[in-house]
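**Q** Below: one structure in structure tokens.
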Amino acid sequence: MDKISQEDVAEAITRAGQGTAYILDVREDDEWATSHAVGAHLFSIKKMEKGQLPDVPKDIPVYTYCGSGGRAGRAAIILQNHGWEAKNLGGLRDWIKAGGTTT
């Protein structure tokens, strides 16, 4: 799944701040500990690929991100296949480039 545009990433940042979008980091614990998007939630793509699904709302869009966008794309497809409106934000760098903050 392709990444969304920088303008759409900026919109996702705004929506997440308003509580009308959910940001899902699909990296591993060690990557999360290094840095992650403020307001994001962690759920590894490895868990999803083993059939586990995150407990996230289905009534708002879910934006996935990882290191560069590959894992996030796979995660978005898995979520879409299970009824979520999910989009690939790309990588953490895309989040930062669009004005998102990290911790």
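**Q** Can you tell me the dipole magnitude for the stretch 6-97 around its Cα centre, using point charges on the Cβ only (Lys, Arg +1; Asp, Glu -1), in Debye to the nearest 20?
**A** Charge dipole, the stretch 6-97, about its Cα centre: 180 debye, nearest 20.
**Q** So, one more: Where both residues lie in the chain, what percent of DSSP beta bridges are antiparallel, nearest 5?
**A** The antiparallel proportion sits near 10 percent.
**Q** What are the GluC sites (Glu not before Pro) within the stretch 1-75 that DSSP puts in a loop, where the Cβ has at most 16 other Cβ atoms within 10 Å? Intermediate results must be reported in sequence, preceding the final value.
**A** Numbers: sites: E7, E11, E28, E31, E49; in loops: E28.
The qualifying sites are E28.
**Q** Count neighbours as other Cβ atoms within 10 Å of each site's Cβ, and list the trypsin sites (Lys or Arg not before Pro) in the stretch 11-60 that are DSSP loop with at most 15 such neighbours.
**A** When the trypsin sites (Lys or Arg not before Pro) of the stretch 11-60 are filtered for loop state and at most 15 Cβ neighbours within 10 Å, K50, K58 remain.
**Q** Less than 14 Å Cβ to Cβ from A33, Lys/Arg counted +1 and Asp/Glu -1: what total charge do the surrounding residues give?
**A** Value of the local net charge: -4.
Laboratory data are not the source of any read-out in this text; all were calculated from the coordinates shown. Treat the numbers as computed from the prediction; the structure is a model and nothing was measured. As a convention, Cβ positions derive from the backbone with ideal geometry for all residues, glycine included, and neighbour counts pool all protein chains shown.
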